[in-house]
1. If I stretch the segment between Gln170 and Glu216 completely, what's the gain in nm (0.36 nm per residue apart, minus their alpha carbon distance), one decimal?
2. Mind listing P(r) for segment 136-216? All alpha-carbon pairs, 10 Å bins, whole percents.
3. What is the order of His72, His32, fewest Cβ neighbours within 10 Å to most?
4. Can you compute the charge dipole magnitude of the chain about its Cα centre, using +1 on each Lys and Arg Cβ and -1 on each Asp and Glu Cβ, nothing else charged? Give it in debye, rounded to the nearest 20.
5. Less than 27 Å apart at the alpha-carbon level, and either on another chain or at least 8 residues along: which lysines does that give for Lys82?
6. Mark the label point 7 Å from the Cα of Asp68 along Cα→Cβ and return the residues of segment 157-175 whose backbone N is within less than 19 Å of it.
7. Contour minus end-to-end for Thr49 and Asp160, with contour as 0.36 nm per residue of separation and end-to-end as the Cα-Cα distance?
8. Which whole-number percent gives the relative contact order of segment 91-189, counting Cα pairs below 8 Å spaced six or more residues apart?
Amino acid sequence: QAVQQGPRGAFIVFEGADRAGKSTQCQMLVEHLQASGVNAELWRFPDRTTAIGKMINSYLTSQSEIDDAAVHLLFSANRWEKREELLRKLASGTTLVVDRYAYSGVAFTAAKGLPGLDRAWCTVPDAGLPAPDVVFFLSLTVEQAAARGGYGEERYEKADFQRKVLDQFQALRDSSWRMIDASQSIEDIQQQLREQAAAVVARCQRGAAPLGRLWE
Ligand code: TMP
Ligand code: MG
């Protein structure tokens, strides 16, 4: 466990189905925080740069087939391999804005509806990881996503599957979640995120929020 000296950074996660605008909003929020003098970094999961991340990328782009349970564990391992660095950054005062986390991990695998791979099974590998201080869930229906020009070419980017993913996300909501209506304009969404993020960053700086652990 990293030793904490001075105020810690906030652990901010973005979740949502594909095409909800998470990456755009994450980028904008990090730039805003930095411009306001907050030490902040943008992270994303899967982190496709590691050896495990490269296997995940090859799976998502259909260059390889991987057993569903095995790839679920790879997505989780990809978070565990970043855990130490994540804790170190937070302890040293850096706020992390993270594009997807374990909620995506559970929602996407559980949405497959495979025997043995239910939601309870899916949460086990990620239990004990650092819990986010806040989860901004960008909420957009499949129809609204389609109206935006629809999905890309990667595995999972299909309307029927995304509907099941949204159902799984609903079941994973906890008290750290803030639901954001992602059908609003980019600017309106960003404004709400900035206000809510500022409050979370301030709470962490005051030391009023110990970092929790996920699903324990
Ligand atoms: P990305 O589009 O944000 O890079 O995410 C790639 C895809 O991987 C996306 O469809 C969601 C999915 N995913 C999982 O299936 N499990 C996970 O643990 C994560 C983080 C993402
Ligand atoms: Mg994608």
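1. Values: separation 46, 0.36 × 46 = 16.56 nm, distance 1.92 nm.
Going from the current span to full extension adds 14.6 nm.
2. Here the calculated profile for segment 136-216 is 14, 36, 33, 15, 2.
3. Numbers: His72 24, His32 18.
Ranked by crowding around the Cβ, least crowded first: His32, His72.
4. On the way: 25 positive and 27 negative charges, 94 e Å.
That gives the chain a dipole magnitude of about 460 debye.
5. Filter leaves Lys22, Lys54, Lys112.
6. Only 157-172 pass the distance filter.
7. On the way: separation 111, 0.36 × 111 = 39.96 nm, distance 2.93 nm.
Contour length minus the Cα-Cα distance gives 37.0 nm.
8. Values: 75 pairs, mean separation 37.1, N = 99.
For segment 91-189, the relative contact order is 37 percent.
A short reminder: the numbers here are calculations on the coordinates, not readings from a lab. Model, not experiment: these values are computed from the prediction. Note: ideal-geometry Cβ built from the backbone for every residue, glycine included; neighbour counts use all protein chains shown.
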